[in-house]
Each structure stands twice: as C-alpha cells, then as structure tokens.
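Below is one structure; the comments refer to it alone.
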Amino acid sequence: LWELRSEMLPHGEVICSYMPEVLVFARSQTGDPIGLGLWGRGRPQAFVQEVEDWQDKFLEYYYFMNEARMLLLDQASRQQNRLVHFVQVFDLEGWSVVTNSDRTWTSFTTERAGPVGETYHDCNIMFIAIRTTRWARMMYNFIKPMLPKKVTEKAHVFGDEFAGTRITRETLREDTLERLVQRIFTPQVGAQEGHATIKPRQSFKLQVIVPCGGSLRWRFGIKADARWWNRSMMCGPFPRASSDLEFSVSSSSSSSCSGGVDRHESDLDRFEQPQRVEGDCVRGRLDGLLAGGKSFSTVTLRWDNSNAFVTTKTVSYTVEVREP
C-alpha cells in the first residue's frame, strides 16, 4: 500500500493527467504518510469538457482512493502501534481562479463528491499549502469562515519560503523538503526488507512498483528448517536438508531496456524462467524497465518451494527501487 500510486486506481491515469495527485509522496518525521496534491497544475475545466462520463469516472476513482487511504492507515497503525494519520501537502504554484477552477466542477465536488468524503473518518492530521499564490490566499480567506474549526486549526498556508518554516521542518524530513523545493514530485522509493516462510509445495510472491525507466535490485538468503529432517535421519550418513528454491522475476509490461544489453535478449528474459538458487547472498538487478506506455510497471519476484516435500524454507530479502 505504501507503493500504491494514484494512477493505479480506476481511471487514475486519466484523472491524474488533469489533476495530478500523489497518494503517498513520502513519510513524515513521525512515520505518517504524506499525500501531495499539485493543485497549481490542476485543469478541472478541461477535465469536465474533454473526458466522457467524467462524473462517474471520478466518483469510482474517489471511492478507491478513500478505501486505499483507510487501508494504509490501518496497516501503518498496526505496524507502528499508534494511530497513524495523513499529512496532506498542496502545491499551489501558479494557482488562479481563471485557470484552476470551474463552476461545474465546484458544484460536483460540493454536491456529489463531498458527501462521499464525509462518510469517512477524518484521517488527516495536518494540511500544508506551499507556494500559495495571492489568488489562492484570497480564495482561502473567503471560504475559511465556512470551514469547520477542526479543519482550519490544522491548516497551514505558506508561500515560496515554506522550507524554512518551523511547521514544515518539524513535520517533513529534510530529504522530503528538498524534493519539494526542487519540484521533484515523484513518489519516494527505496529499499524494503522482509522475511517469508515458505512451506513445502508452496511459493511466495512479492510485487514491487517500479517507475518507467527505473531499476530494481534484490538480495536474499535462503535457510532451510532442518529440524524435521534431523529427527528423521538420525541414523547413518545422510545429506543435509536442501535449502534451494526456484526463483523467477516477471513484469506487468514484459519489457526492459538495459544499457549494453541486446533488446532481443533483455535482462528480464534471463529471469522470467525459474532458476534453482540457494545460499546466503543471492543478488540480481533489472535496469531500464519499461512500462508499456504507463508511468510504472509491476514487477513480481517469486520464490517457489514446490520441489520440497518436507523442508520449509525461510527467505530474508532486501529489494531496492531506483528512479531513472
């Protein structure tokens, strides 16, 4: 869920091309997810005029967005043993009434989308507006008296100097602030670690989101649970319990472009067929992953223990995603 992108939701790619939004941009100082809305780049009028059945498409997208946010907060709260909330950042650079607002869109969000949002618990702990234009400040001052006090109390409006304010420095990590200053709005990616216990005749799959043109690197070790084997083979010289697995990698786009690698024999082709692996440090990488016209691809790493009848294997893995 931390890797989920707005574009992956129903109609997400179309909607985000008019109203860009990053579901999870980064994590706050305390571990809360940070959402990012690029309101200064929003084109609601064009969205209303150019997209067929735009109301139904946006509502479906909005339903899934809210459900995904709630599931993420539930998962993060359990992992962190506390109540986790969203921190919402809005970039209002260049925002104006003429280019970034529309009467039909405003009516729709108020009368149809608004009531849907009100059915969900208020999961936002803070709203931070950055690069707020004069027009945006005037609009906020106009609607502020109509907003609930619980909303205005956690709203903070800043201009271009946002990176030096106490609120942003206490809430956002230094690297997150730097990315906002540099206008790098892609979701933060990095390494994830974990363990998986794979019983005999079973397998384990790990799905990773990789931006188009990005790279994926992995490292893992395999250990066999030899307790059952040792108890059963107490007499005579028998070989040790096998710790091998079959490992494969596949992509939703089924294509890659790696520098120095022939297009007809790409990196991905070498990993799509299951390979028997074992050991404490198995490494691999995929570079230049394409996404079939999309902004991301879903890469699946699969460890298969089907060759074992009695031995359970434990995989300890580290997976790292790098931007193009």
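Data overview
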item	result
Any hit, the stretch 40-61, residues being under 20 Å from Ile125 (Cα atoms) and either in contact with a helix residue (DSSP H, G or I) (Cβ under 8 Å, 6 or more places away or on another chain) or not small (Gly, Ala, Ser) (or both)	no
Residue check for Gln75: farther than 28 Å from Trp105 by Cα and in contact (Cβ under 8 Å) with a residue 40 or more places away in the chain	yes
Per-region count, the stretch 212-258, residues in a loop (DSSP other than H, G, I, E, B), modelled with pLDDT under 50 and either under 17 Å from His195 (Cα atoms) or within 36 Å of the chain's Cα centre (by Cα) (or both)	4
Subset of the stretch 5-30 [assigned to a helix (DSSP H, G or I), among the hydroxyl-bearing types (Ser, Thr, Tyr) and in contact with a helix residue (DSSP H, G or I) (Cβ under 8 Å, 6 or more places away or on another chain)]	Ser6, Tyr18
Residue that is among the polar types (S, T, N, Q) and more than 26 Å from Asp32 (Cα to Cα), where the choices are Thr186, Thr197	Thr197
Every residue from the stretch 81-114 that is open to solvent by 60 Å² or more (accessible area, probe 1.4 Å) and part of a helix (DSSP H, G or I)	Val98, Thr99, Arg103, Thr104, Thr106, Thr110, Glu111, Arg112
Filter result (outside any helix (DSSP H, G or I) and more than 22 Å from Asp91 (Cβ to Cβ)) within the stretch 31-74	Gly31, Val51, Glu52, Asp53
Filter result for Leu38 (closer than 28 Å to Val181 by Cα, at pLDDT below 95, of a type outside the set (D, E, K, R) and under 18 Å from the mean Cα position of the chain (by Cα))	no
Pairs with Cβ under 7 Å, 6+ apart, first in the stretch 41-55 and crowded, with 17+ Cβ neighbours inside 10 Å, second assigned to a loop (DSSP other than H, G, I, E, B) and of a type in the set (D, E, K, R)	Pro44/Asp102; Gln45/Asp102; Val48/Asp102
Residue that is least open to solvent (accessible area, probe 1.4 Å), among those in the stretch 168-187 that are closer than 11 Å to Ala26 by Cα and of a type in the set (S, T, N, Q)	Thr176
Of all residues in the stretch 262-286 being out of contact with any Lys or Arg (no Cβ under 9 Å at 6 or more places or on another chain) and either within 27 Å of Ser17 (Cα to Cα) or not charged (D, E, K, R) (or both), the one that is modelled with the lowest pLDDT	His264
Any hit, the stretch 145-164, residues being free of Cβ contacts under 8 Å to residues at least 40 places away in the same chain, over 25 Å from Asn66 (Cβ atoms), open to solvent by less than 50 Å² (accessible area, probe 1.4 Å) and part of a loop (DSSP other than H, G, I, E, B)	yes
Unmet requirement for Ile15, which otherwise passes all of (1) open to solvent by 70 Å² or more (accessible area, probe 1.4 Å); (2) hydrophobic (A, V, I, L, M, F, W, C); (3) modelled with pLDDT of 95 or more	(1)
Number of positions in the stretch 270-321 that are among the aliphatic types (A, V, I, L, M), farther than 18 Å from His195 by Cβ and open to solvent by less than 30 Å² (accessible area, probe 1.4 Å)	5
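A quick yes/no check of all residues on (1) hydrophobic (A, V, I, L, M, F, W, C); (2) touching a Ser or Thr at 6+ places or on another chain (Cβ under 6 Å):
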| site | (1), (2) |
| --- | --- |
| Gly12 | no, yes |
| Val24 | yes, no |
| Asp32 | no, no |
| Arg43 | no, no |
| Val48 | yes, yes |
| Trp54 | yes, no |
| Lys57 | no, no |
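The values are calculated or read from the model by the stated rules, or taken from the named source; none is laboratory data. Keep in mind it's a predicted model, so treat the numbers as computed, not measured. So basically every Cβ, Gly included, is an ideal-geometry build from the backbone, and we count neighbours across all protein chains shown. Heavy atoms of the whole protein, side chains included, go into the accessibility calculation; ligands, DNA and RNA do not. Shrake-Rupley method; radii C 1.70, N 1.55, O 1.52, S 1.80 Å.
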